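This report refers to the structure that appears directly beneath it.
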Amino acid sequence: MSAFTLADLQAIAREVIGDREIALSPEMEAADVPGWDSLNHTLISVEIESQTGAAVDAQQLAQCPTFGDLVAFVAARQPG
């Protein structure tokens, strides 16, 4: 399995939020993305775990200040 990337997070966010125009950058925060609310944050965390096998939850991901931090956090927890 390849390392989790910003492109992977962007694809998940687009699918969960239902907005194909979402464009993420490493320095952005969840508050910068219209539609990234607490429910979608939870759904995104579930989808990240499902796709990567990384044991993460919404609270852990909420502690990541930027999307760059979130991607690094998930990538570091991917199995094998």
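Here Ala3 does not fit the description of being closer than 22 Å to Arg77 by Cα, surrounded by 12 or more Cβ atoms within 10 Å (Cβ to Cβ) and within 9 Å of the chain's Cα centre (by Cα).
Right, Thr66: at pLDDT 95 or above, hydroxyl-bearing (Ser, Thr, Tyr) and out of contact with any Asp or Glu (no Cβ under 6 Å at 6 or more places or on another chain) or not? Walk me through it before giving the result.
Working: at pLDDT 95 or above: yes; hydroxyl-bearing (Ser, Thr, Tyr): yes; out of contact with any Asp or Glu (no Cβ under 6 Å at 6 or more places or on another chain): no.
Taking the combined requirement at face value, the residue does not satisfy it.
Among residues of segment 16-55 being among the hydroxyl-bearing types (Ser, Thr, Tyr) and touching a residue at least 24 places away in the same chain (Cβ under 8 Å), the one that is least open to solvent (accessible area, probe 1.4 Å) is Thr52. Number of residues in segment 25-61 that are at negative phi and either more than 10 Å from the chain's Cα centre (by Cα) or among the polar types (S, T, N, Q) (or both) equals 25. The conditions are (1) modelled with pLDDT of 95 or more; (2) within 19 Å of Phe73 (Cα to Cα); (3) of a type in the set (D, E, K, R), and Arg20 fails exactly one of them. Which is it? Tallying (1) modelled with pLDDT of 95 or more; (2) within 19 Å of Phe73 (Cα to Cα); (3) of a type in the set (D, E, K, R), Arg20 fails exactly one: (2).
The values are calculated or read from the model by the stated rules, or taken from the named source; none is laboratory data. Here the structure is a predicted model, which is why all the values come from computation and not from measurement. Virtual Cβ from ideal backbone geometry, glycine too; neighbours counted across all protein chains shown. Only protein heavy atoms, including side chains, enter the accessible area calculation; ligands, DNA and RNA are left aside. Shrake-Rupley method; radii C 1.70, N 1.55, O 1.52, S 1.80 Å.
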